[in-house]
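The values are calculated or read from the model by the stated rules, or taken from the named source; none is laboratory data. Treat the numbers as computed from the prediction; the structure is a model and nothing was measured. No Cβ is skipped: glycine too gets one built from the backbone with ideal geometry, and neighbour counts run over all protein chains shown.
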Amino acid sequence: MARRKPARYNKFLATRTWGAGNTKNRRGKGSRGGKGYAGSHKHRWAWILKYEPEHFGRHGFVNRNASPKLDATNISAIESQALGGKLKKEGGMLAFDFNGKILGAGNITMPVHVKAKAFSESAKAKIEKAGGKIELKGSKLQKEVNN
């Protein structure tokens, strides 16, 4: 069996400073080298390189020209909400308000007033064919297409 390592206490018995060097190195705050991240770009640079190499500097790239992605939903989702009774009536017609783009997958059978930021061509055609109307949100000129 391997011999157990003696306790650190035993190692430092009969010594005055327990590995701290001079006695004065244990006194006051002057021997600490600062508080928190103090000196991280100076005397603690080796620690930064070892444990937090990404701490300083700027990293990555942000494309400022990227257009924001719109949420999207299909006509089939509008139809299912209308059949489920989740849409409110406004002006004798069911109303659906969405902050995104309406896509044309599925069919719609009832007239619905749809407000959204964008529409696909097939979605516009299907909504108008069912007797509904579309309204573009967010543009200065509110475009309405009535059937």
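Quick look at the numbers
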read-out	value
Test: residue in the stretch 32-39 that is within 39 Å of the chain's Cα centre (by Cα), part of a loop (DSSP other than H, G, I, E, B) and closer than 30 Å to P111 by Cα	no
Residue count for the stretch 71-116, restricted to those that are surrounded by 16 or more Cβ atoms within 10 Å (Cβ to Cβ), in contact with a strand residue (DSSP E or B) (Cβ under 8 Å, 6 or more places away or on another chain) and assigned to a loop (DSSP other than H, G, I, E, B)	4
Which numbered condition G132 fails, given (1) surrounded by 16 or more Cβ atoms within 10 Å (Cβ to Cβ); (2) modelled with pLDDT of 95 or more; (3) of a type in the set (G, A, S)	(2)
Neighbours by Cβ (under 8 Å, 6+ apart or cross-chain): first from the stretch 43-54, in a helix (DSSP H, G or I); second surrounded by 10 or more Cβ atoms within 10 Å (Cβ to Cβ)	W47/S40; I48/S40; I48/H41; I48/H55; I48/F56
Single match in L87, L94 (criterion: in contact with a His (Cβ under 8 Å, 6 or more places away or on another chain) and within 15 Å of G132 (Cα to Cα))	L94
Where A125 falls short, out of the listed (1) part of a strand (DSSP E or B); (2) exposed (fewer than 14 other Cβ atoms within 10 Å of the Cβ); (3) hydrophobic (A, V, I, L, M, F, W, C)	(1)
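Residues are listed down the side, and each one gets a yes or a no for (1) at pLDDT below 95; (2) touching a Leu at 6+ places or on another chain (Cβ under 9 Å); (3) surrounded by 10 or more Cβ atoms within 10 Å (Cβ to Cβ):
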site: G30; (1), (2), (3): yes, no, no
site: G33; (1), (2), (3): yes, no, yes
site: H43; (1), (2), (3): no, no, yes
site: Y51; (1), (2), (3): no, no, no
site: F56; (1), (2), (3): no, no, yes
site: N63; (1), (2), (3): yes, no, no
site: S67; (1), (2), (3): yes, no, no
